[in-house]
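Asker: Please see the structure below; I have some questions.
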Amino acid sequence: MHFHTSPLLPILFFTLYLTSCAQPLPVQTEFVLGTVCTVNLYDRGSAKIYREIFTRLREIEDRMSANKEGTEVDEVNRNAGLAPVSVHPDVLAVTGAALYYAELSRGAFDPTIGSLVKLWNIGSDDARVPSALEIQSALPLVGYRDLVIDEKAGTLFLKRPGMRLDLGAIAKGYAADEVARIIKSHRIPRAMVDLGGNILAYGSKSGGAPWRIGVQDPVSERGNHIGILETINKTLVTSGVYERYLEADGKHWHHILNTKTGYPVENGLVSVTIVADHSIDADGLSTTVFALGYEAGRALVESIPGIDAIFINSDLEIRVSEGLRGKFRVSDERFRLIETD
């Protein structure tokens, strides 16, 4: 499935995983949303709460996957150019957020990119480099203005046959926010959630100390980090060239596609990490900002209150937005933190 999976990104220091005998239930890990998802409720974990969380995650997957038959998104795609499809409020909400970021980025982020995503299939066993002709044929099927939401009727409609809705770049953010909602409803003071790289650092560590989150090295092996961010009650999502990719024709093809050319985005960035209060924003913006490139992406980040970003370019230079000055420490000497532009 094409959820925005990031199995290599921010690597968390889950040093408390199984080190405390006081935990009523160990950290829980399951495969859902097309990736490995881990939830740690520390000393407040119980089988009932974990079950509630993972049941909710499966509900979201079963409604929003573009690559499983019988989901509501699959139904919308099957009816492209034919008829509106009734969908659950979950799907309406996520599609609405996706269209918001499509408008904000003037189409650099586009939830109707599904026909192109399907062509490349990066992240699956069928990944390949499509022909130029195939890409040219698919490009006219990308156009968020031809995705119609009818809030009153509760329907979605793709105007043209062959169009495909793909919520993979934003649905995990919504899922993480739903996990946060469940955690809050049970009055759990702190939790660490990793939905395949969508990180939710809920509350603070015991005693009020900030969480220390490692940001993945985008040009090295899985598990290596290039710096540490200290934060309390925030969510982090990274988009990068290392998350899902295809090595073919002597080239590295990553999964973030340019909606205008149909090929992977090439703008000098190798990763963008967004830090936000809500994961749906961090998820949508990580792809949006990466696609826009550093200058336009930085301007967008600085224009939205409560949003911060870490940019890494192919020269191994790191830049952070204003709100992260002094909170992010580089730990790998190959990378250089540029304080001023």
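Asker: Could we say that L104 is more than 12 Å from D166 (Cα to Cα) and under 22 Å from the mean Cα position of the chain (by Cα) here?
Answerer: Yes, satisfied.
Asker: If you take the residues in the range 1-51 that are of a type in the set (S, T, Y) and in a helix (DSSP H, G or I), which one is modelled with the highest pLDDT?
Answerer: Y50
Asker: May I ask you to say which residue of T95, T55, T112 is in the same structural domain as E30 (by TED's automatic domain parsing) and either modelled with pLDDT of 95 or more or crowded, with 21+ Cβ neighbours inside 10 Å (or both)?
Answerer: Of the residues listed, the single one that is in the same structural domain as E30 (by TED's automatic domain parsing) and either modelled with pLDDT of 95 or more or crowded, with 21+ Cβ neighbours inside 10 Å (or both) is T55.
Asker: Only residues that are part of a strand (DSSP E or B) and more than 25 Å from A171 (Cα to Cα): list them for the range 213-233, please.
Answerer: H225, I226, G227, I228, E230, listed by residue number.
Asker: Of all residues in the range 27-43, how many are in contact (Cβ under 8 Å) with a residue 40 or more places away in the chain and either within 28 Å of T71 (Cβ to Cβ) or touching a Pro at 6+ places or on another chain (Cβ under 7 Å) (or both)?
Answerer: Total satisfying the criteria: 7.
Asker: On the basis of being modelled with pLDDT of 95 or more, in contact with a strand residue (DSSP E or B) (Cβ under 6 Å, 6 or more places away or on another chain) and buried (at least 24 other Cβ atoms within 10 Å of the Cβ), does A171 make the cut?
Answerer: no
Asker: Quick check on my filter: what residues within the range 67-98 are of a type outside the set (V, I, T), assigned to a loop (DSSP other than H, G, I, E, B) and farther than 21 Å from E30 by Cβ?
Answerer: Selection gives E69, N79, A80, G81, L82, A83, P84, H88.
Asker: Same structure, new question: Does I280 satisfy the condition of being buried (at least 23 other Cβ atoms within 10 Å of the Cβ), in contact with a Pro (Cβ under 7 Å, 6 or more places away or on another chain) and either assigned by TED's automatic domain parsing to the domain that holds Y100 or over 23 Å from V129 (Cβ atoms) (or both)?
Answerer: Answer is no for this residue.
For every residue, the table says whether it meets (1) among the hydrophobic types (A, V, I, L, M, F, W, C); (2) at pLDDT 95 or above; (3) in contact with a Lys or Arg (Cβ under 9 Å, 6 or more places away or on another chain).
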| residue | (1), (2), (3) |
| --- | --- |
| V241 | yes, no, no |
| G250 | no, no, no |
| I274 | yes, yes, no |
| V301 | yes, yes, no |
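Asker: For the range 230-237, check the following and say yes or no: at least one residue is hydrophobic (A, V, I, L, M, F, W, C) and in contact with a Phe, Trp or Tyr (Cβ under 6 Å, 6 or more places away or on another chain).
Answerer: No, there is no match, as no residue in the range 230-237 is hydrophobic (A, V, I, L, M, F, W, C) and in contact with a Phe, Trp or Tyr (Cβ under 6 Å, 6 or more places away or on another chain).
Asker: Have a look at V215, V219 and point out the one that is at pLDDT below 95, surrounded by 21 or more Cβ atoms within 10 Å (Cβ to Cβ) and aliphatic (A, V, I, L, M).
Answerer: V215
Asker: Confirm whether G268 is under 17 Å from L292 (Cα atoms), in contact with a strand residue (DSSP E or B) (Cβ under 7 Å, 6 or more places away or on another chain) and in contact (Cβ under 8 Å) with a residue 40 or more places away in the chain.
Answerer: Yes; evaluated as a whole, the condition is true for this residue.
To keep it simple, each residue is scored yes or no on (1) surrounded by fewer than 22 Cβ atoms within 10 Å (Cβ to Cβ); (2) closer than 23 Å to T55 by Cα; (3) in contact with a Phe, Trp or Tyr (Cβ under 8 Å, 6 or more places away or on another chain); (4) of a type in the set (A, V, I, L, M).
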| residue | (1), (2), (3), (4) |
| --- | --- |
| R181 | yes, yes, no, no |
| S185 | yes, yes, no, no |
| H225 | yes, no, no, no |
| I228 | yes, no, yes, yes |
| K260 | yes, no, no, no |
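The values are calculated or read from the model by the stated rules, or taken from the named source; none is laboratory data. Since the structure is predicted, the reported quantities are computational estimates derived from the model, not experimental observations. Quick reminder, even Gly has a Cβ in these numbers, built from the backbone with ideal geometry, and neighbours come from all protein chains shown.
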